[in-house]
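Heads up: the structure comes next, in structure tokens.
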Amino acid sequence: MTAASGDSRLAADRIRAFEQAGSAEELVAATRRLIACDDPLATVPHLVQVLGFNNPGAAVAAVDGLIALGPAAVGPLLANLDAHNYGARAWAVRALAGIGDPRGLDVLEDALATDVGPSVRRAAARGLGALRLEALTEEERRQMRERCLGALESGRGDGEWVVRYAVAVGLEGLALPLPPAHPHSHRAEACLQQLQDPEREDTLVVRLRAGVALKRLNAR
Amino acid sequence: MAGDGAPISEAEALEQLRQTDDQSRQYYAAWWLGRMRSRHPEAVPLLLAALRQRQPRDVGAGVEHNAVARNAARALGKIADGRAVSELLVVLDDADDGLREAAARSLGELRATAAVPLLTRRLASGPEVAGAHRSDSPRLQEPCEAMLEALGTIGVAEAEVLAVIKPFTSHGRPLVRSAACRALLQLTGETAWADELLQLLQHPQLQVRRAALMDLGAVGWRPALVPIQRTLAENSLKLIALRGLVENGNGDEADSDDEAVLMAMDALL
């Protein structure tokens, strides 16, 4: 490693150290240091780049860093989505789900419906219930929630229990800020009731999570 | 459903298992019927026929036949039909250790108490003999992990059974130790065996940490919640382990303890 891995918190030094990282372990350490430098925004393109390196340790660190940066990371993430690098795309979906920026909706919708990896579909389902809609107009919020609900309702039929579990979490997150009488809240509750029904849902932990979601919605 | 391989129907799967010319088709069909937990009345009889297709181990051409038989044995455990028990008990004495392994796991899934005397007999010689390394492969003389896990799942907590399992908690392989501790924890509920598993969550090898995660989940050991959260392993495996904590030993509604585990799961999605 270079001197930049020492005490300096300067982004430029840390980016240089990152670019010179020779081994998988060095890359993980250099990625972690990127997140904690003096100008994290300057590191976004490099963090996005890490997602395509097929180094899970570094990718986990990069996703955490991108989520911490929030909306500022969304533009570069969307601009660099690589349809041909499955691994990179999967990590980007996880980052977008964690950030909750409405601009990520298209990607999350598509991931829950079509991604081959259950870990990507489960992250997308969680993200679809956690979009931050406060800054939008009433009508924009309604349209976005409509799409999130539709995607989650379809996700209820997923073959993997962990994705259906995440759908229950997503529905809770989507409905909790709404007044109980809101039509979107009714739709979310109807879907949760199906996830709680032993006749329709065979995995106990999914039914229990749906039950907790309904209890919380009733307590609003 | 995503990720289930080539889409075939149940009727096609049954047909492919019935024919015996193309064993790769039989192999896939047997797996498919187990994966889908087929309830078709022909599924169990056809799988039993495929299980009887097995051949003596050392006949050179017999490898493929036994691959089909192994998948059939696994599928019979997933379908969990009691009619499979007597044939699986016979397979537990087969010369092919891969078949014995599949049969042991399935008899565990079937909670077949009739398998306990056979399993304990095959393990009775202990880590030095049943658990000894084979000269011709990296495997052990007996499929110890599968047999120990089956004893724990079946749940006969008699003194003779415990006495057979205990020596395996000091086997040289951490995966065997993990299986033995899991079984003893299931059978006795004694904290000492859980402590061993919690230690294994910090083992330097990822493969061992994964096994300990699955074992604590299978037992449903609640005090493992925080250690599981802290384990260095994929979220997917931690989620399966935490699902085990919630589901093993639980009613139909989540109490506050369950909610703590569910919130830990939410954080891993």
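Data for the structure
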{"item": "Residue list for region A:168-185, restricted to those being of a type in the set (A, V, I, L, M) and more than 10 Å from every other protein chain (Cβ to nearest Cβ)", "result": "A:LEU171, A:LEU174, A:ALA175, A:LEU176, A:LEU178, A:ALA181"}
{"item": "Helices (runs of 4 or more DSSP H) contained entirely in region B:181-269, each with at least 1 residues that are away from chain A (no Cβ under 14 Å), at pLDDT below 95 and more than 24 Å from A:ASP64 (Cα to Cα)", "result": "B:191-200, B:206-219"}
{"item": "Residue within region A:85-94 that is modelled with pLDDT under 95, surrounded by 15 or more Cβ atoms within 10 Å (Cβ to Cβ) and not in a helix (DSSP H, G or I) present", "result": "yes"}
{"item": "A:ARG122 being within 24 Å of A:TYR86 (Cβ to Cβ), open to solvent by less than 50 Å² (accessible area, probe 1.4 Å) and either within 14 Å of chain B (Cβ to nearest Cβ) or over 13 Å from the mean Cα position of the chain (by Cα) (or both)", "result": "yes"}
{"item": "Residue within region A:162-178 that is open to solvent by 20 Å² or more (accessible area, probe 1.4 Å), at pLDDT below 95, small (Gly, Ala, Ser) and in the same structural domain as A:LEU214 (by TED's automatic domain parsing) present", "result": "no"}
{"item": "Number of positions in region A:25-37 that are farther than 25 Å from A:HIS84 by Cβ and open to solvent by 10 Å² or more (accessible area, probe 1.4 Å)", "result": "7"}
{"item": "Search result, residues across region A:125-162 that are assigned to a helix (DSSP H, G or I) and at the interface with chain B (Cβ under 10 Å from one of its Cβ atoms)", "result": "A:ALA125, A:ARG126, A:GLY127, A:TRP161, A:VAL162"}
{"item": "Meets criteria (assigned to a helix (DSSP H, G or I), surrounded by fewer than 23 Cβ atoms within 10 Å (Cβ to Cβ) and aliphatic (A, V, I, L, M)) for B:ALA72", "result": "no"}
{"item": "Number of positions in region A:38-50 that are in contact with a Gly (Cβ under 9 Å, 6 or more places away or on another chain) and open to solvent by 10 Å² or more (accessible area, probe 1.4 Å)", "result": "1"}
{"item": "Options B:ALA50, B:ALA80: the member that is within 14 Å of another protein chain (Cβ to nearest Cβ), at pLDDT 90 or above and over 30 Å from A:ASP115 (Cα atoms)", "result": "B:ALA80"}
{"item": "Qualifying residue in region A:74-85 (condition: within 14 Å of chain B (Cβ to nearest Cβ) and within 16 Å of the chain's Cα centre (by Cα))", "result": "no"}
{"item": "Tally, over region B:75-99, of residues that are under 24 Å from B:SER137 (Cβ atoms) and open to solvent by less than 50 Å² (accessible area, probe 1.4 Å)", "result": "9"}
{"item": "One residue from B:ALA212, B:ALA241, B:ALA233 being in contact (Cβ under 8 Å) with a residue 24 or more places away in the chain, open to solvent by 10 Å² or more (accessible area, probe 1.4 Å), under 27 Å from A:ALA123 (Cα atoms) and under 23 Å from the mean Cα position of the chain (by Cα)", "result": "B:ALA233"}
{"item": "Hits in region A:66-84 (condition: touching a residue at least 24 places away in the same chain (Cβ under 8 Å), hydrophobic (A, V, I, L, M, F, W, C) and not in a helix (DSSP H, G or I))", "result": "A:LEU81"}
{"item": "Every pair of residues 6+ apart whose Cβ atoms lie under 8 Å, when the first sits in region A:198-220 and is more than 12 Å from chain B (Cβ to nearest Cβ) while the second is hydrophobic (A, V, I, L, M, F, W, C) and open to solvent by 10 Å² or more (accessible area, probe 1.4 Å)", "result": "A:LEU217/A:LEU176; A:ARG220/A:LEU176"}
{"item": "Top-ranked residue in region A:95-118 [being free of Cβ contacts under 8 Å to residues at least 40 places away in the same chain, part of a helix (DSSP H, G or I) and within 11 Å of chain B (Cβ to nearest Cβ); ranked as least open to solvent (accessible area, probe 1.4 Å)]", "result": "A:ALA97"}
{"item": "Selection count where residues are in contact with a Lys or Arg (Cβ under 9 Å, 6 or more places away or on another chain), outside any helix (DSSP H, G or I) and either open to solvent by 10 Å² or more (accessible area, probe 1.4 Å) or among the polar types (S, T, N, Q) (or both), scope region A:201-220", "result": "1"}
{"item": "Residues that are acidic (Asp, Glu) and open to solvent by less than 80 Å² (accessible area, probe 1.4 Å), drawn from region B:5-39", "result": "B:GLU10, B:ASP22"}
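The values are calculated or read from the model by the stated rules, or taken from the named source; none is laboratory data. All figures in this text were calculated on a predicted structure; none of them were measured in a lab. With ideal geometry, Cβ positions are generated from the backbone for all residues, glycine too; neighbour counts draw on all protein chains shown. Heavy atoms of the whole protein, side chains included, go into the accessibility calculation; ligands, DNA and RNA do not. Shrake-Rupley method; radii C 1.70, N 1.55, O 1.52, S 1.80 Å.
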